[in-house]
Amino acid sequence: MKRLSPADSAKIARANRDYTLVLEKMERRKLLASGNHWQGVEWAQDGSEDIVLFAFESFDYPVVEVVAIQDITTGTMIFHSGNLNTEAMHTYLIGGTVVGVQEVKPFDYQLSQNYPNPFNPETIIKYQLSAAAPAKLSIHNVLGQQIRLLVDEFQHPGKYQVQWKGINQDGMRVSSGVYFYKLESGDFVEVRKMLLLR
């Protein structure tokens, strides 16, 4: 029988500790897989919209709308929508509250560089907001004309990510070249450059 390394033993002990915080919410179980290997497991409590998620490995877990997500392992909480980038051996509570895990992760306004860049045919744009306010994320050509509006809604403080597939507002593929993406929320405005190579 293979002996566990101290690091693996610590991970298992940490996972068991995390489980005790969310045990009452763990009822119906669903295993999450990609191909022939397991990525994680989620539990749903009857009569509740809360989800407990445990990640065996790092993977993207889809979150349809903005919800509070607590990383039980690190003791932090964020508001998030879109794909949640999980970390291996971490336990998450999506949409719920755990007593004793109330540290809200501080955020500044930030618009990150898209990745990949250059890209073809699609790229990811990440940003974060420090206050609840209307947010607008738009794509512009080199003439400054808006060609695509990706986000135009009220959003809570937290981290977000949006995918742009290189198409304009009419659903047509745009040509290779330099494009700009612009984030506006409250008094915050930032613009970054990206390159599409067909």
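The values are calculated or read from the model by the stated rules, or taken from the named source; none is laboratory data. Values in this document were obtained by computation on a predicted structure and should not be read as measured data. Quick reminder, even Gly has a Cβ in these numbers, built from the backbone with ideal geometry, and neighbours come from all protein chains shown. Surface accessibility is based on the protein's heavy atoms, side chains included, excluding ligands, DNA and RNA. Shrake-Rupley method; radii C 1.70, N 1.55, O 1.52, S 1.80 Å.
Before moving on, here are some points about what is shown:
- Residue satisfying all of: in segment 133-148; closer than 30 Å to residue 79 by Cα and open to solvent by 50 Å² or more (accessible area, probe 1.4 Å); farthest from the chain's Cα centre (by Cα) among these: 146
- Those residues of segment 36-93 which are aliphatic (A, V, I, L, M) and in contact (Cβ under 8 Å) with a residue 60 or more places away in the chain, in sequence order: 66, 78, 89, 93
- Filter result (open to solvent by less than 30 Å² (accessible area, probe 1.4 Å) and modelled with pLDDT under 85) within segment 83-106: 84, 96, 98, 101
- Search result, residues across segment 1-49 that are in contact with a helix residue (DSSP H, G or I) (Cβ under 9 Å, 6 or more places away or on another chain) and over 17 Å from residue 86 (Cα atoms): 4, 26, 44, 45, 48
- Residues of segment 157-183 satisfying the condition of being charged (D, E, K, R) and either more than 25 Å from residue 81 (Cα to Cα) or surrounded by fewer than 18 Cβ atoms within 10 Å (Cβ to Cβ) (or both): 165, 170, 173, 182
- Conditions (1) surrounded by fewer than 12 Cβ atoms within 10 Å (Cβ to Cβ); (2) over 23 Å from residue 81 (Cα atoms); number of the one not met by residue 154: (2)
- Meeting the requirement of 2 or more residues that are modelled with pLDDT of 85 or more, open to solvent by 20 Å² or more (accessible area, probe 1.4 Å) and within 26 Å of residue 132 (Cα to Cα), the strands (runs of 3 or more DSSP E) wholly within segment 14-82 are 60-71.
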